[in-house]
Structure formats: structure tokens, C-alpha cells
Amino acid sequence: MASLPKDKAREQLEQELFGVEYQSLLQRLREEYPFYRDFSSWNDILTFMRAGTSDDPLKDEVLRPILAAHAGDEDCRWRTILLVIFWPGLKSLCIRSRSWEWPYSELWANAVWAFLKGVCKLDLTKRSERLVQKLINDTASSLRAQYRRELERAGFEIPTDPDLLEYLAGGEEDFGLMVLDFLDEQDAQVRRFQQHLQAGLISNIDFDLLVGTFVYGKCLRECAEEAGLSYQVAKKRRQRAVAVIRHFEKFHPKSKSMSPPRSLSPLSTIGGEGFFQA
């Protein structure tokens, strides 16, 4: 973990946003876009963007003007602003990818480069909604492709868990954690799974599989061996557990901060592979 960028590096970039040059960009946005008039500083915008979930449509209202301005003049200051906004999400992505055979410092550099390339390639005429997820997904996809290319060049077998890679990229699911600091993210996700465990929705084995793969980035095969299960059995258990959680939270949206009632039907009563593959 030591090679990942320290919070001080992020804080230094954030301090840059208080400079006159960046304040002039914010004033420009405030004049052109009514939504921005609710923000008096870039710090207000950072606070807003890092709260709630990544699929909040109001986050698109923040990102669209910045991305449009960058596409128009390619001023590098817009890229700095976007990097600061997405910093916790990129750091989270690196933590989730730690089972890959890249040094953390190299992984971080590759993640930032992949993100900035995604920013430059984004076409708002084709995609103007769910922009947080779009940029994170594109970054994860680019990282995954680069990692595979490097392994293939080195002649190594690709040992990655395809389910975990899908989760890293986001897919259609959204656990609402991509834009949180990674330590807070891990704690929040563990507590979330604990709530479902205590409610009887998932078993202890399911809990270990979910935490091991989704929170700590371990390979599913490794977690299966630790639990004394075959890979296929572990995969089906995890899919079923995710389906139950997804089903419950779809109809109980406040459940992410509340323990589910114990009267809910147990895991075995809900069939099928679930609302998303995980």
C-alpha cells in the first residue's frame, strides 16, 4: 500500500484549485450554468461529488460543463480538476486491483493515464449521462486490457477472476462506493455485508466470499480454497448472495444504512442467478 499516492499529494492538488487561475474557471462556469451558482468554491464541488452515489444525475450536471469546456479548449487545468474529483475513485480502483502483478506505484500511474485518455476520448454527443460510471468503467477497461497485453507479451497465463474484473469495471451494478476514500469504502462495504449476515440473508461462508473478493480484491479461487469449496460452488454461492442483496436493496433503498429485518425470507428462498453477475 505504501506506493499508492499519499493523501498529501491529493491535498496539494486541491490547494491548487484555490488559486486565482482555477477560481476564474469556476466563475466562468457559474456565469454560464445556473446549477453552478450553488457552489462558491471548488471545495464545495468536491464535497458534493464525493457524497452519495455515483449514479446521482446531479453529478452529471457538474461534470458535463467541465468535460465540454475541456473538449473545447483542452486547457490542462480542466484535467487537473477532473483528476482531483475522481482521485478517490481511481485510488479505490487500484486497491480493488491489487491482486494484479503490478507494483502499486505503476498501477496508480497507469490508472491516471488511462483515466486522462478516457477524458480526452469522451464524446458528450454520444454519452452525457452516468458520466462518473462511464469514466471509471473506461479506466478499468483500459487497465484490464493493458494488464492482459503485458502478461501476454511476457508469456504468462492470465490468472484473473473474470467476475472480479467485471465488478472492477462497474458493469450495470453500482454499490455507490467508487467515489469514496478507499478505507472508508472498505469499512462501509464490510458493515453492509455484516448487516445482511446478521439479518440471515447470507451465510458466514457467503460473507467471507463477498468480503474477500469485493472488498479485499482476492481471487475467488483463493477464497474458495480457504472456505473448502470448489471454484464453481463458490462462484454460485457468491452469485446467489449478491442476487439476494441486490433484490433486497432494490425494494428497500434505505437498507444500505440500516439493518434488514430478520423476518425477511432466507437466502435459499430466492431463486435464480440474480439481478447482476458478480
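The values are calculated or read from the model by the stated rules, or taken from the named source; none is laboratory data. No experiment lies behind these values; they were computed from the predicted model shown. As a convention, Cβ positions derive from the backbone with ideal geometry for all residues, glycine included, and neighbour counts pool all protein chains shown.
Brief remarks follow.
Here's the yes/no breakdown for (1) at pLDDT below 80; (2) of a type in the set (S, T, N, Q); (3) over 13 Å from the mean Cα position of the chain (by Cα); (4) surrounded by fewer than 18 Cβ atoms within 10 Å (Cβ to Cβ):
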site: 174; (1), (2), (3), (4): yes, no, no, yes
site: 178; (1), (2), (3), (4): yes, no, no, no
site: 182; (1), (2), (3), (4): yes, no, no, no
site: 187; (1), (2), (3), (4): yes, no, yes, yes
site: 190; (1), (2), (3), (4): no, no, yes, yes
site: 226; (1), (2), (3), (4): no, no, yes, yes
site: 230; (1), (2), (3), (4): no, yes, yes, yes
site: 236; (1), (2), (3), (4): no, no, yes, yes
site: 240; (1), (2), (3), (4): no, no, yes, no
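Conditions tested, residue by residue: (1) within 17 Å of the chain's Cα centre (by Cα); (2) within 22 Å of residue 142 (Cα to Cα).
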{"position": "41", "(1), (2)": "no, no"}
{"position": "54", "(1), (2)": "yes, yes"}
{"position": "63", "(1), (2)": "yes, yes"}
{"position": "74", "(1), (2)": "no, yes"}
{"position": "82", "(1), (2)": "yes, yes"}
{"position": "91", "(1), (2)": "yes, yes"}
{"position": "95", "(1), (2)": "yes, yes"}
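- Considering residues of region 194-216 that are part of a loop (DSSP other than H, G, I, E, B) and in contact with a Phe, Trp or Tyr (Cβ under 9 Å, 6 or more places away or on another chain) only, the residue nearest to residue 93 (Cα to Cα): 202
- Qualifying positions in region 102-142 - closer than 17 Å to residue 91 by Cα and among the polar types (S, T, N, Q): 105, 110, 133, 137, 139, 141, 142
- Sole residue being at pLDDT 95 or above, in the same structural domain as residue 78 (by TED's automatic domain parsing) and exposed (fewer than 13 other Cβ atoms within 10 Å of the Cβ), chosen from 31, 61: 31
- Looking only at region 113-159, and only at residues there that are among the β-branched types (Val, Ile, Thr) and either surrounded by fewer than 18 Cβ atoms within 10 Å (Cβ to Cβ) or touching a strand residue (DSSP E or B) at 6+ places or on another chain (Cβ under 7 Å) (or both), the one that is modelled with the lowest pLDDT: 158
Residues are listed down the side, and each one gets a yes or a no for (1) in a helix (DSSP H, G or I); (2) under 16 Å from residue 78 (Cβ atoms):
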{"residue": "15", "(1), (2)": "yes, no"}
{"residue": "23", "(1), (2)": "yes, yes"}
{"residue": "28", "(1), (2)": "yes, yes"}
{"residue": "36", "(1), (2)": "yes, yes"}
{"residue": "43", "(1), (2)": "yes, no"}
{"residue": "48", "(1), (2)": "yes, no"}
{"residue": "54", "(1), (2)": "no, no"}
{"residue": "59", "(1), (2)": "yes, no"}
